[in-house]
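Asks: Dumping the structure here so I can ask a few things about it.
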Amino acid sequence: MQLIKKDILDMESLSSDEINLILDTAKQMKEISQRPIKKVPTLRGKTVVLFFYEASTRTRVSFDIAAKRLSADCHSIAANTSSMVKGETLLDTAKNLEAMNPDVIVIRHSSAGAPHFLAQNTEASIINAGDGMHAHPTQSLLDLMTVKEAKGHIEGLRIAIIGDISHSRVARCNCHGFTKMGAEVILAGPPTMIPKGIEQLGVRVTHDMGEAVSNSDVIMMLRIQKERQKGFLFSTEREYARTFGLSLKRLEKARDDVLVMHPGPINRGVEISSEVADGPHSIILDQVTNGVAVRMAVLYLLAGGVRHVDAH
Ligand code: CP
């Protein structure tokens, strides 16, 4: 099977077959990262541009490492050092980048839909590295890979996603990703942080943290996204931690084989305690490791072969 997409923009537009193809490819890519010489010539002569209009550690570095492990030429620009600070529009920026003939542009942007806009206006493949509160598909793919690796399967698992659902592109993407792969998704958090009607994505909602924790195979904690919140959605961080934080005491009510995940960055002591984040159930750093493999896979699948169908 071949990936027939020009771009990777969200999880809605990936079929379960395409997700499986990416995960299978990522598994092979992970093996490359475990070799003493972590480099193959697969994307030699290809050009990848990383354009990050918002802060990032994990996504940006892992795309950079992924491109270099595949021998692509990789160039990274940040908004604050680009000509966007002089008033250049996103479209003009994209057209000028395109004039240099890159094969892939990876973009993170604070506005939902910015990667889709670029995809419609450029020949290069666009990968969405996070757009506002909308989507972060490679995070969801690495989360799926990490759960599949740890549990052997995804179908039939119960995944609890807990915290600031409203502002989380990771939560939205994982609702699509995990349900598409046959898992049950339960969302938990204060009513002020769960958007009305999100059940339409085929997920269940609870405001009872205990219920979400006690019967789940995977608990994914989310960061409080203060930078996106308008107004007060909870009283104090201490109160939030007491009600919706994952402490050791609360984790004792979970299944013995529960997995704890977090996309990062972590607010230690707020949504998750250090004992849990660094404890035996945590697979948070496995998520980061698999981020490189997944990003190698999507770069390879978009830029490494002949594209048969242009499927926007
Ligand atoms: N998970 C994630 O997107 O992390 P960064 O913001 O550091 O890239």
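Asks: Taking the criterion of being in a helix (DSSP H, G or I) and in contact with a strand residue (DSSP E or B) (Cβ under 9 Å, 6 or more places away or on another chain), would at least one residue in region 43-56 satisfy it? Please lay out each step first, then the result.
Replies: Taking region 43-56 and keeping what is in a helix (DSSP H, G or I), we get none.
For region 43-56, residues in a helix (DSSP H, G or I) and in contact with a strand residue (DSSP E or B) (Cβ under 9 Å, 6 or more places away or on another chain): absent.
Asks: Suppose we filter region 112-130 for residues that are within 16 Å of the ligand (Cβ to nearest atom) and not aliphatic (A, V, I, L, M); how many remain? Walk me through it before giving the result.
Replies: Here is the first cut: in region 112-130, the residues within 16 Å of the ligand (Cβ to nearest atom) are 112, 114-115, 127-130.
From the residues that got through so far, the ones that are not aliphatic (A, V, I, L, M) too are 115, 128, 130.
Number satisfying all stated conditions: 3.
Asks: So, one more: Which of (1) within 25 Å of residue 116 (Cβ to Cβ); (2) modelled with pLDDT of 95 or more; (3) open to solvent by 10 Å² or more (accessible area, probe 1.4 Å) does residue 182 not meet, given it meets every other one?
Replies: So the condition that residue 182 fails would be (1).
Asks: Here is a list of conditions, (1) closer than 20 Å to residue 266 by Cβ; (2) within 16 Å of the ligand (Cβ to nearest atom), and residue 177 meets all of them except one; can you say which number that is?
Replies: It fails just one condition, (1).
Asks: Do you know which residues across region 96-132 are under 20 Å from residue 175 (Cα atoms), among the aliphatic types (A, V, I, L, M) and crowded, with 19+ Cβ neighbours inside 10 Å?
Replies: 127, 129
Asks: For region 240-255, which residues satisfy the criterion of being surrounded by fewer than 17 Cβ atoms within 10 Å (Cβ to Cβ) and in a loop (DSSP other than H, G, I, E, B)? Even if it seems obvious, please write down each step before you answer.
Replies: Keep residues of region 240-255 that are surrounded by fewer than 17 Cβ atoms within 10 Å (Cβ to Cβ), which gives 242-243, 247-249, 252-253, 255.
Hits for region 240-255 are 247, 252, 253, 255.
Asks: Can you tell me which residue is farthest from residue 266 (Cα to Cα) among those in region 215-243 that are modelled with pLDDT of 95 or more and of a type outside the set (Asp, Glu)?
Replies: The qualifying residue farthest from residue 266 (Cα to Cα) is 216.
Quick grid of which residues meet (1) within 26 Å of residue 143 (Cα to Cα); (2) of a type in the set (A, V, I, L, M):
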position	(1), (2)
24	yes, no
29	yes, yes
32	yes, yes
51	yes, no
59	yes, no
64	yes, no
74	yes, no
84	no, yes
97	no, yes
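Asks: Here's something else I'd like to know. Looking at region 194-210 only, could you name the residues that are under 12 Å from residue 161 (Cα atoms) and either in a helix (DSSP H, G or I) or among the hydrophobic types (A, V, I, L, M, F, W, C) (or both)?
Replies: Passing the criteria: 194, 203, 205, 209.
Asks: Restricting attention to region 199-219, report how many residues are among the aliphatic types (A, V, I, L, M), more than 19 Å from the chain's Cα centre (by Cα) and open to solvent by 10 Å² or more (accessible area, probe 1.4 Å).
Replies: Within region 199-219, the subset among the aliphatic types (A, V, I, L, M) is 201, 203, 205, 209, 212-213, 218-219.
Now drop any that are not more than 19 Å from the chain's Cα centre (by Cα), which leaves 205, 209, 212-213.
From what's left, open to solvent by 10 Å² or more (accessible area, probe 1.4 Å): 205.
Of the residues in that region, 1 qualify.
Asks: For region 135-153, which residues satisfy the criterion of being open to solvent by 10 Å² or more (accessible area, probe 1.4 Å) and either at pLDDT below 95 or out of contact with any strand residue (DSSP E or B) (no Cβ under 8 Å at 6 or more places or on another chain) (or both)?
Replies: Those that are open to solvent by 10 Å² or more (accessible area, probe 1.4 Å) and either at pLDDT below 95 or out of contact with any strand residue (DSSP E or B) (no Cβ under 8 Å at 6 or more places or on another chain) (or both): 145, 148, 149, 152, 153.
Asks: Of the conditions (1) at pLDDT 95 or above; (2) open to solvent by less than 40 Å² (accessible area, probe 1.4 Å), residue 45 satisfies every one except a single condition; which number is it?
Replies: Failed condition: (2).
Asks: Kindly provide the set of residues from region 264-282 that are assigned to a loop (DSSP other than H, G, I, E, B) and either within 12 Å of the ligand (Cβ to nearest atom) or crowded, with 22+ Cβ neighbours inside 10 Å (or both), ordered by number. If you could, list the steps in order and put the result at the bottom.
Replies: Step one: filter region 264-282 for residues assigned to a loop (DSSP other than H, G, I, E, B), giving 264-267, 269-271, 273, 278-281.
264, 265, 266, 271, listed by residue number.
Here's the yes/no breakdown for (1) on the phi < 0 side of the Ramachandran plot; (2) surrounded by fewer than 16 Cβ atoms within 10 Å (Cβ to Cβ); (3) away from the ligand (no atom under 16 Å from the Cβ):
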residue: 17; (1), (2), (3): yes, yes, yes
residue: 52; (1), (2), (3): yes, no, no
residue: 63; (1), (2), (3): yes, no, no
residue: 89; (1), (2), (3): yes, yes, yes
residue: 94; (1), (2), (3): yes, no, yes
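Asks: Another question about this same structure. Are any residues in region 65-81 open to solvent by less than 20 Å² (accessible area, probe 1.4 Å) and either more than 16 Å from the ligand (Cβ to nearest atom) or on the phi > 0 side of the Ramachandran plot (or both), and if so, which ones?
Replies: 70, 72, listed by residue number.
Asks: Still on this model: Looking for something of a type in the set (A, V, I, L, M, F, W, C), open to solvent by less than 30 Å² (accessible area, probe 1.4 Å) and away from the ligand (no atom under 16 Å from the Cβ) - is there at least one such residue anywhere in region 256-263? Show your work before the answer.
Replies: Quick first cut of region 256-263, residues of a type in the set (A, V, I, L, M, F, W, C) only: 258-261.
Retained after the next criterion (residues that are open to solvent by less than 30 Å² (accessible area, probe 1.4 Å)): 258-261.
Imposing the further condition that a residue be away from the ligand (no atom under 16 Å from the Cβ) reduces the set to 258-259.
Yes - at least one qualifying residue is present in region 256-263.
The values are calculated or read from the model by the stated rules, or taken from the named source; none is laboratory data. From a predicted model like this one, the values you see are computed outputs, not experimental measurements. Positions of Cβ are generated from backbone atoms using ideal geometry, with glycine treated the same way; all protein chains shown enter the neighbour counts. Quick note on the areas: whole protein, heavy atoms, side chains included, nothing else; ligands and nucleic acids left out. Shrake-Rupley method; radii C 1.70, N 1.55, O 1.52, S 1.80 Å.
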